[in-house]
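Input: a single structure, listed below in structure tokens.
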Amino acid sequence: MTGSPSTPTGRTCESDGRMSTVTAAGVRKVTLYREAVLSEAGSEPAERVDRAAVAAVLPNPWLGTGPATDLSGRAATIAPLLAKLLTDRLIEALGGADRIEAFGKAALVGTAGELEHAGALIHTPYFGNLVREFLDGESIICFADARAEAGEALIVPMWHKTHAATRSHYQTIAARVSDAPRADEVVVIAAASTGPRPHARIGDRTTDPVVTADNLESSLT
Amino acid sequence: MRVRKIVTIVEEIRSEGGREVFPTARVAVVAAVIPNPWAGQGFVEDLQPGIDAHASDLGALLAPQVMAALDAPAEAYGKAAIVGLSGEVEHGSALIHTLKFGDHFRKAANATTLLPAVEKRGPAGVVFDVPLKHVTDATIRSHHQTVEVRIADAPHPDEIVVALAAAAQGRPQQRLASLSTEQ
């Protein structure tokens, strides 16, 4: 049997007297889900890959506000704290930013909020740029979002952090917090992977033939 | 035994009931997705050879990982066996209800009590709750708690998910009178 432990997750240090990231954003819960595929289709993948998704549960900052509300102010305050918190946990859980090859992000908004509230926390530079920077990436970050009841699983897409079109690194991880989001909460998620899919073997742009509707005419008719 | 997947879950609870939880409550789960050792064999009367072959290895695999994930002394603990749809619940029970399995965790956690457990059968993606009790006194009410787990693609029909769970404390905001007050 194999499967050595990776590094444990970190915890927020408040002993230095500064208000912690978690407290400042009002985060009530942080969950880490990490998995390592040791065998797939009966054989060991060429390399051990760890995938992780970290979710933070926080009150929806815009609860009860209407669609005319400007979301930028609180997004600029809260999103950077979440980017730091989530990437700190990912880096610790996966053994360093240099081990991370793919990344993704997601948000779930509770039923009393707008999907736009979820988007405000992940789709601006105050989150995305910082996640990219902390994880040493260059690519735009792929995403998922949804409005849902507590306990809904969200499939978070990931792709390569510096070469997004790298087909071997198109992969997903399921993220779920059992009791969140409540109607008045938001769950913000960052995900990362240390490598490709197990047994990735569907070629890449460099190996693809030219495929157009015209030259497939025979098989389309 | 070929382990298909190892899953680690860590929950940090910072507030509950609108009040801060300090220090942060931590609960960790580590699960191994394994082939059901008795898959495809019909009704196996004697499960002991399979228990002897696998239970201790599973305990030795999971115990250090759940302690590392918790990253703190364990005050409460529990275990789980979730059998895929083609197997018997008895197959999961066989792997976890033996000292060969649990003693690894008891030793790693400096624990003395029996491990509370969940055993059930379900499809891949089934949600299960792992019960936890205090590691040295199962009557300590503050430490009765559960942690919820789901692995999206496990167990397959011929697999078993075997898991250990550990908590660094009792329930967040625990404030029930102890059992002794009712005796």
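All of the numbers you see were taken from the coordinates with simple rules; none came from a lab. Model, not experiment: these values are computed from the prediction. So basically every Cβ, Gly included, is an ideal-geometry build from the backbone, and we count neighbours across all protein chains shown.
Shown for B:THR181, B:THR136, B:THR146: other C-beta atoms within 10 Å of each C-beta, ranked fewest to most, produce the order B:THR181, B:THR136, B:THR146. Think of the protein assembly as shown as having a plus end and a minus end, set by charges on the Cβ of Lys, Arg, Asp and Glu; of B:ALA80, B:GLY50, B:ASN110, B:ASN110 sits farthest toward the positive end of this dipole. Residue by residue, what Karplus-based ³J(HN,Hα) values in Hz, rounded to whole numbers, does the stretch B:65-72 have, using 6.51, -1.76 and 1.60 with θ = phi - 60° and x for Gly and Pro? These are the phi-based 3J(HN,Hα) values: 6, 6, 5, 5, 5, 5, 6, 6 Hz. According to the Kirkwood relation over distinct C-alpha pairs, the hydrodynamic radius of the protein assembly as shown is 22.3 Å. Computed over the stretch B:5-182, the alpha-carbon pair-distance distribution with 10 angstrom bins reads 11, 38, 33, 14, 4, 0, each value a whole percent. For the stretch B:156-162, backbone phi angles converted through the Karplus equation (6.51, -1.76, 1.60; θ = phi - 60°) give residue-by-residue couplings of 5, x, 9, 10, 9, 9, 10 Hz, Gly and Pro being listed as x. For chain A, the pair-distance distribution built from all alpha carbon pairs, in bins 5 Å wide starting at 0, is 1, 7, 14, 17, 17, 14, 11, 7, 5, 4, 2, 0, 0, 0, 0 percent. Please compute the net charge surrounding A:THR162, taking Lys and Arg as +1 and Asp and Glu as -1 over other residues with Cβ under 14 Å from its Cβ. Result for the neighbourhood of A:THR162: -2. Selection among A:TYR126, A:HIS199, A:VAL210 by position relative to the dipole of the stretch A:75-221 gives A:HIS199 as farthest towards the positive end (Cβ unit charges, Cα centre). Rounded to the nearest 20, the size of the Cβ-charge dipole of chain B about its Cα centre is 440 debye, with Lys and Arg at +1 and Asp and Glu at -1.
Summarising the amide proton neighbourhood of A:HIS199: residues at separation of 5 or more, or on other chains, whose placed amide H is nearer than 5 Å comprise A:ALA46.
Can you tell me the relative contact order of the stretch B:5-182? Whole percent, Cα pairs under 8 Å, sequence separation 6 or more. Don't skip to the end; give the middle numbers.
Details: 426 pairs, mean separation 53.0, N = 178.
Once normalised by length, the contact order is 30 percent.
Panel order for A:ARG176, A:ARG201, B:ARG171, A:ARG48, by other beta carbons found within 10 Å of each beta carbon, from fewest to most: A:ARG201, A:ARG48, B:ARG171, A:ARG176. When only the Cβ of Lys, Arg, Asp and Glu is charged (+1, +1, -1, -1), the dipole of the stretch B:1-91 relative to its Cα centre reaches about 360 debye. Compute a Gaussian network model of chain A, connecting alpha carbons closer than 10 Å, and tell me which residue from A:PRO196, A:PRO61, A:PRO209 fluctuates the most. In this elastic network of chain A, the residue with the biggest mean-square fluctuation among A:PRO196, A:PRO61, A:PRO209 is A:PRO209. In summary, the lysines within cross-link reach of A:LYS105, defined as a Cα separation below 16 angstrom excluding same-chain residues under 8 places away, comprise A:LYS84, A:LYS161. Within the same chain, lysines fewer than 8 places from B:LYS107 are excluded, and of the rest, those with a Cα less than 29 Å from its Cα are B:LYS5, B:LYS79, B:LYS120, B:LYS133.
Rounded to whole numbers, the Karplus 3J(HN,Hα) couplings from phi for the stretch B:13-30 are 9, 9, 8, 8, x, x, 10, 4, 9, 9, x, 3, 6, 10, 9, 10, 9, 10 Hz, using 6.51 cos²θ - 1.76 cosθ + 1.60 with θ = phi - 60°, and x at Gly and Pro.
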